[in-house]
Each structure stands twice: as structure tokens, then as C-alpha cells.
1. Evaluate the stretch 371-378: report whether one residue or more is part of a helix (DSSP H, G or I), open to solvent by 40 Å² or more (accessible area, probe 1.4 Å) and at pLDDT below 95.
2. Name the pairs whose Cβ atoms lie under 8 Å apart, with the first residue in the stretch 306-322 and more than 17 Å from Gly158 (Cα to Cα) and open to solvent by 40 Å² or more (accessible area, probe 1.4 Å), the second at pLDDT 90 or above and among the acidic types (Asp, Glu), and 6 or more positions between them or separate chains?
3. Is at least one residue of the stretch 234-244 in contact with a Ser or Thr (Cβ under 7 Å, 6 or more places away or on another chain), at pLDDT 90 or above and either within 20 Å of Ile129 (Cβ to Cβ) or open to solvent by less than 10 Å² (accessible area, probe 1.4 Å) (or both)?
4. Restricting to the stretch 27-73, name every residue that is under 27 Å from Gln310 (Cα atoms), open to solvent by less than 90 Å² (accessible area, probe 1.4 Å) and in a strand (DSSP E or B).
5. Please state which of the following conditions Lys336 fails to meet, knowing it meets all the rest: (1) touching an Asp or Glu at 6+ places or on another chain (Cβ under 6 Å); (2) under 30 Å from Ile154 (Cα atoms); (3) charged (D, E, K, R).
6. Here is a list of conditions, (1) in a loop (DSSP other than H, G, I, E, B); (2) touching a residue at least 24 places away in the same chain (Cβ under 8 Å); (3) more than 14 Å from Ala411 (Cα to Cα), and Gln367 meets all of them except one; can you say which number that is?
7. For the stretch 120-145, name all the residues that are buried (at least 20 other Cβ atoms within 10 Å of the Cβ), in contact with a strand residue (DSSP E or B) (Cβ under 7 Å, 6 or more places away or on another chain) and not in a strand (DSSP E or B).
8. Between a residue in the stretch 107-119 that is under 26 Å from Asn25 (Cα atoms) and any residue that is open to solvent by 40 Å² or more (accessible area, probe 1.4 Å) and acidic (Asp, Glu), which pairs come within a Cβ distance under 6 Å, given they are 6 or more apart or on different chains?
Amino acid sequence: MDFQKPKGTLDFLPGTVEKWQYVENKARDLSRRFNYREIRTPMFEYTQLFQRGVGETTDIVQKEMFSFQDMGGRGMTLRPEGTAGVVRAYVENKVFGEPDVAKLFYIGPMFRQERPQAGRYRQFHQFGIEAIGSVDPAIDAEVIAFGMQFFEDIGLKGTSVEINSVGNAASRADYNERLLAFLNPMRETLCKDCQSRIDRNPLRVLDCKVDQDKFTDAPSILDSLDEESRSHFEAVQSTLTAMEVPYTINPRLVRGLDYYTLTAFEFKTESGIGAIDTIGGGGRYNKLVAEVGGPDQPGIGMAIGMERLQLLLADQQTEIQAAPPLDVYLIALGDKANAEITKQLHKLRRLGFSAERDYQGRKMKAQMKSADRLQARYTAILGDDELERGEIAVKSMETREQVTVPLADLASVLK
């Protein structure tokens, strides 16, 4: 039987992995600069966490979750997004007892039963940040600025951010009435998903990709914001302006998750991947911590799709720093030299050098070709005669110059 990877998944081979490491290292460095600390949560949680936290009216919960029962009959789900698990960990481990805002980041795989296409996979990876414990609009602006800085750091061009406010509970109730008055006359012309959402969560109708052209004249949620919601949104805008982070207001931006309150935003790209032009986004979730059993703590976060980033970077032919070259490739000519090379190889690695040797008994010419393929900076060539004299030949692969040095001095010469 010929085995293949499951549909909607990818293999990351050497040569590709280094590009991922480059982006991940940029993410970790930026998190350090913004004082976000890493958190790692399980790749599966109790299904109820996502039903309650993400929202039962969302496409994720209704259509996309990989759910199963464990041996005890308990419902489990591979995590479809990162925020719910982070908030669960925040509550379960009583991180809310710390005096400072919990600023956390994660990098890892998520799982959704989507129709596979470019930029959309069943196992995909996200980099995300969460800031829990403050309602200050300045931290909303910080999270948005973090995302824009990340794109700049990795060299991605043509990115922008759209922002909106989806209001608080009072604003939402007022807007739902106005939105229903707009939607009900066209109910029968909408897709089945929209017809279902109208009664359960009217705001989610605006997130539909099928009937988007029918909502051009829909009322704006910004006209329904109460004073609290309006002043918060204005403060986010003024802070972004002070930080010189450009943005566009999109009053129809609602995001696809039920837990958002007040600020919502999406990162866009000019080029896009097929029909997809969104590469990340997020928003504030002031009720989610309480919803999963914790204290009434506000939070805000964002997530960025790593596969989409890699596709865009490749499309833009962005130069990505490759993995560092191999320091030295050791070549043995003779049985005694072969034993000594094994000893020297281990010694060099313990001293911090990246080093390799041949394990296939190939001739010297083939070994030199291998050193070239591995982009070795030097080759160190040892024969039985050189071993008797306590010497080894060191060759620069860049200049092709070769010198003979004492074997005991190999490490210091390479330095």
C-alpha cells in the first residue's frame, strides 16, 4: 500500500523548514521586545470549551471541528484556534492572580475540516498573542501595532490593517434590531447559512462570503455604538495615529468568532492568495474569561496564519536568511584516520561547531562534493600519514586555499 499524507496537510522538508524557522525566530524576537511570554497548551481540549468559548453559531463549531470521543466517552476536539485554550489555561492555572497584565504568545498547529485550497489547510499553523487583564484602548493599539511590525520585520510588503468596533452588549442589541430590519425583507434570497444566522446571531450574517454583495447598504454598527463603545474606539484610533500605524475603518468587519467585543481588526495583503486577502486578525474578548469559568477579566488578541505568510513571502520573492553554513566537513583517508576523524568530529561538536563527515565509504572527490552541497566553510582532510605526524589539512571552500596545521590545534584554527 502506498501511503500519502492526509488531505489538507503539508510536509515541511529540509530547505523549507529553515524558512519557517526564520519567520518563527522573528516572531519570538518581536514577542521579547513587546514583553510577551510563550505559552504552550494541549493540541486537543474538551469540545465544550470551543462550543462555549468560540460560539455555537460560528462556522468553526458548526462545520469545521475535528471532534472525537476518548475512551471514557468524553467529547474532545483538536484545537481549531488558539485563544480559547490560552484563556482556559489562564483560568485553570489562576494566572489572573498575578498583578500584571498577562501578555502571552503561542506558535503551533490548529485543525479545521475545511475544503483544502491554497492558503487554507486542515492542519495549519498560527502565531498569536493574547493580552489579558486590561481594558485600556492603548493595549488594543499595541496588539494591532505588533502585527504590523511583525510583517515589516519578516519583509512582507503590501500589508494593511482594517479596524472596527463591534460594540458592547448594549450597542449590539440596538444594532441587531436595525440589522434585522434590513435583513428580514431579503431573508429568502440569502444562502442557507445566512438564513440560519439571522435568528441566532444576525451580526454573523455580515461575515458571509456568498451574499456579501447584498449587504452594501446594510446599516453601520458604528451608528449604534453607545458612549462607552464609541470613546473606546476613538481612543484606539488616536493611539494608532500617535504610533504612526496607518489603518482603515471597515464598519462591516465583524470577524468569525462570537467572543469579540469592542475592537475587531484584520490584516490584509494587496496580492492575496487566490480569493484570500486576509492573513490574520483578532479583537477584544471582554467576556470570554468569565465565560470559561474565570473572573470577569477583559482581554484582546490576534493570530496570523503561517502557511499564508510563507506563500506570500515566496510570491514576493522575499529574501529569507538561510540556515548558517556548516562549519567544517571532515574527510578521512585510511582506517586509522577514519577512527581519529570520528573522535575529532565529536570533539568539535561539543565545542559548538557544526560538523559532518561521510558515512557511506565514498571516495574523496564524492566527499568534497558533499561538503559543497552542505555549504561547508572548511574541509579538514586527514590521512594515515598525516595522523602519524600529528597533522591535518584544512581547506577553505571559498578561497580553495589549503594549509596543514597540528591536529591538536584544529579547533583553534577553525575559530
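The values are calculated or read from the model by the stated rules, or taken from the named source; none is laboratory data. Every value quoted in this text rests on a predicted model; they were computed, and no experiment measured them. Positions of Cβ are backbone-derived with ideal geometry, glycine not excepted, and every protein chain shown enters the neighbour counts. Surface areas here come from the heavy atoms of the whole protein model, side chains and all, with no ligands, DNA or RNA. Shrake-Rupley method; radii C 1.70, N 1.55, O 1.52, S 1.80 Å.
1. Scanning the stretch 371-378, I find at least one residue that is part of a helix (DSSP H, G or I), open to solvent by 40 Å² or more (accessible area, probe 1.4 Å) and at pLDDT below 95, so the answer is yes.
2. Partner pairs satisfying both residue conditions: Ala322/Glu18.
3. Yes, because at least one residue in the stretch 234-244 is in contact with a Ser or Thr (Cβ under 7 Å, 6 or more places away or on another chain), at pLDDT 90 or above and either within 20 Å of Ile129 (Cβ to Cβ) or open to solvent by less than 10 Å² (accessible area, probe 1.4 Å) (or both).
4. Across the stretch 27-73, the qualifying residue is only Glu38.
5. (2)
6. So the condition that Gln367 fails would be (1).
7. Once the filter is applied, which keeps residues that are buried (at least 20 other Cβ atoms within 10 Å of the Cβ), in contact with a strand residue (DSSP E or B) (Cβ under 7 Å, 6 or more places away or on another chain) and not in a strand (DSSP E or B), the stretch 120-145 yields Gly133, Ile139, Asp140, Val143, Ile144.
8. Between residues of the stretch 107-119 that are under 26 Å from Asn25 (Cα atoms) and residues that are open to solvent by 40 Å² or more (accessible area, probe 1.4 Å) and acidic (Asp, Glu), the close pairs are Ile107/Glu24.
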